[in-house]
1. Rank by packing, highest mean first: peptides 138-150, 243-255, with packing defined as the count of other Cβ atoms within 10 Å averaged across residues.
2. If neighbour count is taken as other Cβ atoms inside 10 Å, put 15, 126 in order from fewest to most.
3. Largest first and in whole Å, what are the equivalent-ellipsoid semi-axes of the chain based on the Cα gyration tensor, each being the root of 5 times an eigenvalue?
4. Per residue, how much space in cubic angstrom lies within the convex hull of the C-alpha atoms of region 121-249?
5. In whole angstrom, how far apart do the alpha carbon centroids of region 120-147 and region 221-259 sit?
6. Take every Cα pair under 8 Å in the chain that's 6+ residues apart, average their separations, divide by the length, and report that relative contact order as a whole percent.
7. Ranked highest first by average number of other Cβ atoms within 10 Å, how do 215-228, 101-114, 80-93 line up?
8. Kindly put 32, 127 in sequence by how many other C-beta atoms sit within 10 Å of each C-beta, fewest to most.
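Nothing in this text is a laboratory measurement; each read-out follows from the coordinates by a stated rule. Note that the coordinates shown come from a computational prediction; the quantities given were computed from them, not determined experimentally. Please note: Cβ atoms are built from the backbone with ideal geometry, for glycine as well, and neighbour counts cover all protein chains shown.
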Ligand code: SF4
């Protein structure tokens, strides 16, 4: 099983194919994934259960980020973006709203031109405090991998058996356009069942859902690094571009493609 865990609260800057030069912020445990999903493509590896490990406090994040920003200033390095990512789902952190305040304040103090991005699986956006916090960042990037519950379950493997796409779409609509939808396209099989979210039926239904959500834009991509499930197939960038064109033609919404 592939497992790439981020060993620090603040990591990088690294080159992100979707966001540019990115300084990563990991609010999750340093030794184990903490997530409400267990995606077949997760770079952190597959988990046994999502579990609360010791998490860094808002003060830990402030201290680590301030030290890193001071070092970057001294080196003359300016990132494009601060990105909440790392070993799981950042919005699960109990102090997530406070940490957004801390990080945006430090951004304003050290690099006011830098964007703040959150990569989230969207499972916590029904909570008002999480939605309000996400509305404060520049790039609120939320996951929608399929319009169909069955495919979503195979790809994302939510721990909550009641999690479903209809509720997700309603919760995404509550952002009133202040969000970016992110979608992983891939095909493969796991535990004897196959899936492919690039079939014409899947793509048409996904376009319909994106039209209902009305995001400011969409990010589409396929596998980048080694995935924990070996039967997964990366979708060629030409196919991703075709899907982006179909979306644009049908809805007017632009999609960036990271192959
Ligand atoms: S949502 Fe992200 S962190 Fe969570 S299992 Fe999926 S890929 Fe991994």
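1. On the way: 138-150: 20.4, 243-255: 16.0.
Ranking the peptides 138-150, 243-255 by packing returns 138-150, 243-255.
2. Numbers: 15 10, 126 13.
Ranking 15, 126 by Cβ neighbours within 10 Å, fewest first, gives 15, 126.
3. Working: eigenvalues 166, 83, 65 Å².
They are 29, 20, 18 Å, listed largest first.
4. Values: hull volume 14.9 nm³, N = 129.
Roughly 115 Å³ of hull volume per residue.
5. When both Cα centres are located, 21 Å separates them.
6. On the way: 490 pairs, mean separation 47.5, N = 259.
It comes to 18 percent, rounded to a whole number.
7. Per-residue Cβ counts within 10 Å, averaged per peptide and sorted highest first, yield 80-93, 215-228, 101-114.
8. Numbers: 32 17, 127 14.
Least crowded to most crowded, the residues run 127, 32.
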